[in-house]
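J.: Structure provided below as structure tokens; questions to follow.
The values are calculated or read from the model by the stated rules, or taken from the named source; none is laboratory data. For clarity, every value in this text was computed on a predicted model and none was experimentally measured. Quick reminder, even Gly has a Cβ in these numbers, built from the backbone with ideal geometry, and neighbours come from all protein chains shown. Ligands, DNA and RNA are excluded from the accessible area calculation, which covers all protein heavy atoms including side chains. Shrake-Rupley method; radii C 1.70, N 1.55, O 1.52, S 1.80 Å.
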Amino acid sequence: MSRETFLVRVRESAAAGRAYRVHLRDDLPPDAGYCGAGGDPLARLADEIRAVGGQAEIVADTAEARTALARLLEQHAVRLALCWQHPALDRLGLSEVLAERGITRLDHAALSAHDQPEQRRLMLAADVGISSVSFAVAETGTLALASAAGQERLASLAPPVHIAVVEASQVVPDLFDLFERIAAEGWEPMASNWALITGPSKTGDIELTLTTGVHGPGAWHVIIIP
């Protein structure tokens, strides 16, 4: 590749990146605090998720969330699901949704019955990862996931499809509020790993060509329950 061709591609990629950026407001009083997410954090969260290449759906209630999840499972022809153990998923009735469709649920309890090589094989064979979140950041469409036993990070990283279920109580307006909530809720000791996920997996390593789904899920769905 010639130097000029390389520079042209850099300029094109930089211009594409500027399409998604922070937009400043000029209609706020001078004494206003930071207003990153606007007046409707759930709508902002959904809009930002879509803007970075994900699919977001705000449902009316838990029953509608079950319907949305079932539709996604059928859409992706899921047979093996790597799942978190989480109260939000219990309230959704995840086990029943999977059992009704003959889908095998892999979670910490099920995987513990196998040795490590078999655990790894099963996790890498999963068609979908299903998780909740620790928090979701409305301003950027970011999911914050803290790793723990039963809430392994691989559920959001290894399968080709990631489905996250978010409840309104988990949504924070912006990153400032995220770190305030982490401190206020006493995350001590801190989780060994926090993953901040904004969009499906993307890479531009090869000749600056943006490719989705190389190093993680290529399809990213978020179901938001008010």
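J.: Output the qualifying pairs, or none if there are none: Cβ atoms under 6 angstrom, residues six or more apart or on different chains, first residue in region 158-182 and over 15 Å from GLU139 (Cβ atoms) and open to solvent by less than 40 Å² (accessible area, probe 1.4 Å), second residue assigned to a helix (DSSP H, G or I) and not aliphatic (A, V, I, L, M).
T.: Sorted first by the residue in region 158-182, then by its partner, the pairs are HIS162/SER156.
J.: List the pairs whose first member sits in region 110-133 and is part of a strand (DSSP E or B), whose second member is of a type in the set (S, T, N, Q) and open to solvent by less than 50 Å² (accessible area, probe 1.4 Å), and whose Cβ atoms are under 8 Å apart, counting only residues at least 6 apart or on separate chains?
T.: Short answer, once both residue conditions are applied: GLY129/SER156; SER131/GLN151; SER131/SER156.
J.: Please work out which residue is nearest to the chain's Cα centre (by Cα), limiting yourself to region 140-169 and to residues that are closer than 23 Å to ALA109 by Cβ and in a helix (DSSP H, G or I).
T.: Looking at the filtered set, the residue picked out is SER156.
J.: Do we have THR104 as β-branched (Val, Ile, Thr), at pLDDT 70 or above and exposed (fewer than 14 other Cβ atoms within 10 Å of the Cβ) here?
T.: For THR104, the condition - β-branched (Val, Ile, Thr), at pLDDT 70 or above and exposed (fewer than 14 other Cβ atoms within 10 Å of the Cβ) - is not met.
J.: Filter region 55-109 down to the residues that are of a type in the set (D, E, K, R) and part of a strand (DSSP E or B), then identify the one that is farthest from the chain's Cα centre (by Cα).
T.: Ranking the qualifying residues of region 55-109, first place goes to ARG105.
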